[in-house]
Amino acid sequence: MKNIGIFIFIGLLSVVTHDCGWFPNENMYAITQLVYTTVLPVLVAHEGGRITGGEKGGILAVLAVSGVLLSDVSVGILGAMLIGPLAGSLWKHEEKLIENRAKSSMQMLAKNLCIGITGSLLAAMGYYLFFPILSGLAAVIYRGVRFLAERQLTAFLGIMIEPAKVFFLNNLLNHAILVPLGMGQLKETGSSILFLLEANPGPGFGVLMAMYWKEKEKRSEYALSMAAEFAGGIHEVYFPVVLSNVWLFLPLILGGVAGNICFGLLDAGAKGAVSPGSIFILLLMAGKGALFPAAAGVALSALVSFAGSLLVLKKGRRHPTAESYPEKEEMQMEVLKTEKQGKISRVVFVCDGGVGSSAMGAALFRRTMAQKGMTGVQVEAFAADLIPEEAELLVCQKDFAPRLAEGARQKEVYTVESLVRAEEYAALTEWIQKRNG
């Protein structure tokens, strides 16, 4: 997620400066290729190494992936995703060994020497050993993708993609699997349908549109969610709706499959990662030659999902309202009863990436605090793996809470049904005010 802006940079500049782009420019297009083949793998490797082994683990990961890049840049991203975390993990063990065995006065020297020596060995292994393995793996993956695409079978990936999204695996699915595969396909064909599969806002928009149609007393809430999904590309806003009525998985999946079939039949594709999955970003990345195919796929998926959701709701399987959750208040109060004593000065909203629903929830909470004249509380949004130690209170969706790391769950956690419902935060604001005196 930290590097997704680079994927978008490559796509945007390609759309504009490619031979068939809006303003063809050979030199500017060459920049996109340099970033794709070299800069991006280095940064992805560094991030993977940093997560598993700290900052020095990230440095070791960069050295390790350099051997692969010298062999063949076409497998750079795949190599970075696999070798980066491995190098970071290796460094974590080496660093622990140095700290336990070396004298404190010699530890800095020992660590730097170890990075240099281990980095040299890993770079050599990347050139002579990892490259042939990665090349074979990449060939199998790309052949599989081509096989599915040629037979219009990528459409049925929606059967797996749509449920995976609802269980908060959307970022993992898109940025760790579909985007890297799409970047490989992009180099061969100039665009890839894989960029559209997870990013498509149509299925989720259709479900929310059906809820807007049926739940008249909550239309303002669903209107906000529809805008966040379709224009903002924040998929998380419809996850609680589907999780609270599992029958809605059926129209959601049908909408995804229908949209994917339309993308395939009309030869739709994008020239870079579509993130967030906003209709505006999607159309921009599709380029001037593929606007209609991309828009048609989104529209069809939304219509199918909408019609299917109406049928589900019409048969009496209504979406539970707030009254259907008698345990909600009890659950929140149980969490609040376990709080440590002391004032709350730093509240952190948490989601998978830290830039979607959590950022929107943090903004809504700041607005609620301002309306109540509350000050002195810092409110931020973070990804689940980047929660700062100084955080005093975590706020996340109820269904996402089990995915928090053990260390994060030791902090005070306040759960809500949806991070984008402003009414969720009135009770939280009042409780913090009482706590802070």
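Every read-out reported here was derived from the displayed coordinates using simple, explicitly stated rules and does not represent laboratory data. Please read these numbers as outputs of a predicted model, since none were measured by experiment. For neighbour counting, all protein chains shown are included, and Cβ atoms are generated from backbone atoms with ideal geometry for every residue, glycine included.
Scattering from the chain was approximated by placing one identical point on each alpha carbon and applying the Debye formula without solvent; log10 I(q)/I(0) at 0.07, 0.11, 0.12, 0.13 1/Å stands at -0.40, -0.95, -1.08, -1.20.
Where only DSSP H runs of four or more residues are counted, the chain gives -19500 deg cm²/dmol as its mean residue ellipticity at 222 nm, each run worth -39500 (n - 2.57).
Backbone phi angles across the stretch 90-96, fed through the Karplus curve with coefficients 6.51, -1.76 and 1.60 (θ = phi - 60°), yield HN-Hα couplings of 4, 5, 4, 6, 5, 4, 5 Hz in residue order; Gly and Pro are listed as x. Proximity of backbone amide H atoms, modeled 1.01 Å from N, is registered between residue 414 and 394, 395, 396 at under 5 Å, excluding neighbours fewer than 5 places apart on the same chain. Using a cut-off of 24 Å between Cα atoms, the listed pairs 56/398; 343/372; 56/96; 214/372; 218/314 include 56/398; 214/372 as exceeding that distance.
Can you compute the charge dipole magnitude of the stretch 173-322 about its Cα centre, using +1 on each Lys and Arg Cβ and -1 on each Asp and Glu Cβ, nothing else charged? Give it in debye, rounded to the nearest 20.
Working: 11 positive and 8 negative charges, 86 e Å.
That gives a dipole near 420 debye.
The percentage of C-alpha pairs in the stretch 345-437 whose separation is greater than 18 Å is 36%.
Around the amide H of residue 346, modelled in the peptide plane, lie the amide H atoms of 378, 392, 393, all under 5 Å away and 5 or more residues distant in sequence or on another chain.
Of 79, 115, 8, which is farthest on the positive side of the dipole of the stretch 4-151, counting Cα position, with +1 on Lys and Arg Cβ, -1 on Asp and Glu Cβ, and the Cα centre as origin? The residue sitting farthest along the positive end of the dipole is 115.
Each Cα pair under 8 Å and six or more residues apart adds its sequence gap; the mean of these over the residue count of the stretch 173-322 is a relative contact order of 35 percent. Spacing of the modelled spin labels on residue 28 and residue 315, each 7 Å from Cα toward Cβ, amounts to 5.2 nm. Around the Cα centre of the chain, unit charges on the Cβ atoms of Lys, Arg, Asp and Glu (plus for the first two, minus for the last two) sum to a dipole of about 200 debye.
Using the beta-carbon distance between residue 217 and residue 389 and R0 = 41 Å, what value does 1/(1 + (r/R0)^6) give for FRET efficiency, to the nearest 0.05? According to the calculation, E is roughly 0.45.
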